[in-house]
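S.K.: Right, I'll just put the structure down here and ask away after.
The values are calculated or read from the model by the stated rules, or taken from the named source; none is laboratory data. Owing to the predicted nature of the structure, the values given are computational and were not obtained by experimental measurement. When we count neighbours, we look across all protein chains shown, and the Cβ atoms used for this are built from the backbone with ideal geometry, even at glycine.
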Amino acid sequence: MLNNIIKKIDEGKLNSIFILITVFSFPVIALVNYLFEVKLGYVSKSFRVFNMVFSFYLIYRFIVKLKFDFTLFKKAIKKYYYIALFFLFLIFYLVRLVFDLEVYHINEITVIPSAKNYFYLYAIGVTFIPMIAAFTITKLDFNFLKIYLYRYLITLNTLLIIIFFVERFINNQTGYRFIVTKNEVEYFNAISIAVNGGLLVIMSFLNISKSKFNYILIGVGFFLILTTASRGPILSILISLIFILIFKDKKINIKYLYLTFVMAGTVLVNYLMTLFFSDYFIAGNAFFHRLNNLNDDQSTISRLKITKDAFSQILDSPIFGSHFLVIESKMYSHNILLDILISTGLLGVLLIIPIYLFFAKNIIYKVPYTYITVIGFFYFLNTMTSGSIYNNYEFWIIFAVIIGYQSKHYKTKLIK
């Protein structure tokens, strides 16, 4: 009976919904928590459980298609050896995680939530299981995904802009960085706001030919990035736009001139707003304020210390790595490549290089759906300045979709 139900479901659309929910939808939960002042995380935890159930369903569906004949799966892995190496890396990393938590009790010395469940939830439930589910996807309705992702980003960023103005000019919130808070509880951090603003910029720019209104949306997304003063996302969006120019459009045309005007105009609007309403802002653009105060910026000082401590930890155990966190700083390294080196050493790097190279080849030459490759590249850039292996779930799931694209045809033939 279950098999008959599975066969009747539009697989491409269902998989697209899976990507929308697991990768992009958590900000909705954050906003629900904010609007209704939910502090205990019941909505968030329920959402994560739903994601896990959805992921296990996709994995089960894939096994059913293989008719439990794992010989076919072994053939696929043999053909795509880099996927096998990548899974060896994941096993190595998870062993490191378990060993650190159960033997060294690293969770007791960190500055992030100390419960073991936090690390296990993110590494296994939020990141790796949904990523494995994404690897099993053999059909994806890219057009359906694009349409609804764009609508979602427009709605989300519009709500964030409204919250920004309400908090600043009605609730008299002050400060130069925009974060969504209420009663001293942070519901939406600056980097998450900036990343979603960046996604709106990407999707709007790729849709320019269909509507000039998209330039306004670019301004909205870029404005949100500027209000957060998040250096990583703003650098990521600029590099992503250059990536589109070099590898997708391959020539400069009039839309890049308009893009420049829109972004420059957005910076000017943001700057003038901070001057005219200086009671609510530090005068001057928040991003440039942080650049001009690097020596006094606590975030910069902390990041430099974490990086220094990470390199010291790598040098102490360069071959196999040592721990999944930077012990001296009691924090993750905020750079996924450093994270790989400190946790799995050069061995981990050797295991992961082949699939990273294939990922790069796919986003540049192979996968024809431009928006998904640019989003994948954008998320990769963000892993260079934020997060770790265990909690960069957005990148890993999109990564699996892009990697899986070329192997799907082979898997489908095997299934048939």
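S.K.: What number goes with the only condition from (1) in contact with a Pro (Cβ under 6 Å, 6 or more places away or on another chain); (2) modelled with pLDDT under 95 that ILE397 does not pass?
M.R.: It fails just one condition, (2).
S.K.: Another question, if that's okay. Residue by residue through segment 99-113, note down the ones that are surrounded by 11 or more Cβ atoms within 10 Å (Cβ to Cβ), under 10 Å from LYS330 (Cα atoms) and either among the hydrophobic types (A, V, I, L, M, F, W, C) or not assigned by TED's automatic domain parsing to the domain that holds GLY321 (or both).
M.R.: ILE106, ILE109, ILE112, listed by residue number.
S.K.: For GLN298, all conditions in the list (1) modelled with pLDDT of 80 or more; (2) exposed (fewer than 15 other Cβ atoms within 10 Å of the Cβ); (3) not assigned by TED's automatic domain parsing to the domain that holds GLN173 hold save one; what is the number of the exception?
M.R.: Result: GLN298 passes all but (1).
S.K.: For ARG168, work out the one condition from (1) within 30 Å of TYR57 (Cα to Cα); (2) basic (Lys, Arg); (3) outside the structural domain of VAL349 (by TED's automatic domain parsing) it doesn't fulfil.
M.R.: (1)
S.K.: Oh, and also: PHE324 - would you say it is crowded, with 20+ Cβ neighbours inside 10 Å and in contact with a Lys or Arg (Cβ under 9 Å, 6 or more places away or on another chain)? Walk me through it before giving the result.
M.R.: On the way: crowded, with 20+ Cβ neighbours inside 10 Å: yes; in contact with a Lys or Arg (Cβ under 9 Å, 6 or more places away or on another chain): yes.
When the stated conditions are applied, PHE324 passes them.
S.K.: Could you please find all residues in segment 129-153 being assigned to a loop (DSSP other than H, G, I, E, B) and buried (at least 19 other Cβ atoms within 10 Å of the Cβ)? Before the answer, list the steps.
M.R.: Let us first name the residues in segment 129-153 that are assigned to a loop (DSSP other than H, G, I, E, B), namely 136-141.
Across segment 129-153, the qualifying residues are THR136, ILE137, THR138, LEU140.
S.K.: Report yes if some residue within segment 16-33 is surrounded by fewer than 14 Cβ atoms within 10 Å (Cβ to Cβ) and either at pLDDT 85 or above or closer than 25 Å to ASN362 by Cβ (or both); otherwise report no.
M.R.: Narrowing segment 16-33 to residues surrounded by fewer than 14 Cβ atoms within 10 Å (Cβ to Cβ): none.
Among the residues of segment 16-33, not one is surrounded by fewer than 14 Cβ atoms within 10 Å (Cβ to Cβ) and either at pLDDT 85 or above or closer than 25 Å to ASN362 by Cβ (or both), which makes the answer no.
S.K.: Still on this model: Might you check whether a residue that is within 30 Å of PHE320 (Cα to Cα), touching a residue at least 40 places away in the same chain (Cβ under 8 Å) and outside the structural domain of THR274 (by TED's automatic domain parsing) occurs anywhere in segment 135-158?
M.R.: Yes.
S.K.: Give me the pairs: first residue in segment 92-109 and farther than 21 Å from VAL349 by Cβ, second residue exposed (fewer than 13 other Cβ atoms within 10 Å of the Cβ), beta-carbon distance under 7 Å, and six or more apart or on different chains, which are they?
M.R.: What qualifies is ASN107/ALA115.
S.K.: Quick check on my filter: what residues within segment 65-92 are part of a helix (DSSP H, G or I) and at pLDDT below 85?
M.R.: Hits for segment 65-92 are LYS65, PHE70, THR71, LEU72, PHE73, LYS74, LYS75, ALA76, ILE77, LYS78, LYS79.
S.K.: Could you list, in sequence order, all residues of segment 246-282 that are more than 29 Å from the chain's Cα centre (by Cα) and free of Cβ contacts under 8 Å to residues at least 12 places away in the same chain?
M.R.: ASN253, ILE254, LEU272, MET273, LEU275, PHE276, SER278 - these are the residues of segment 246-282 that are more than 29 Å from the chain's Cα centre (by Cα) and free of Cβ contacts under 8 Å to residues at least 12 places away in the same chain.
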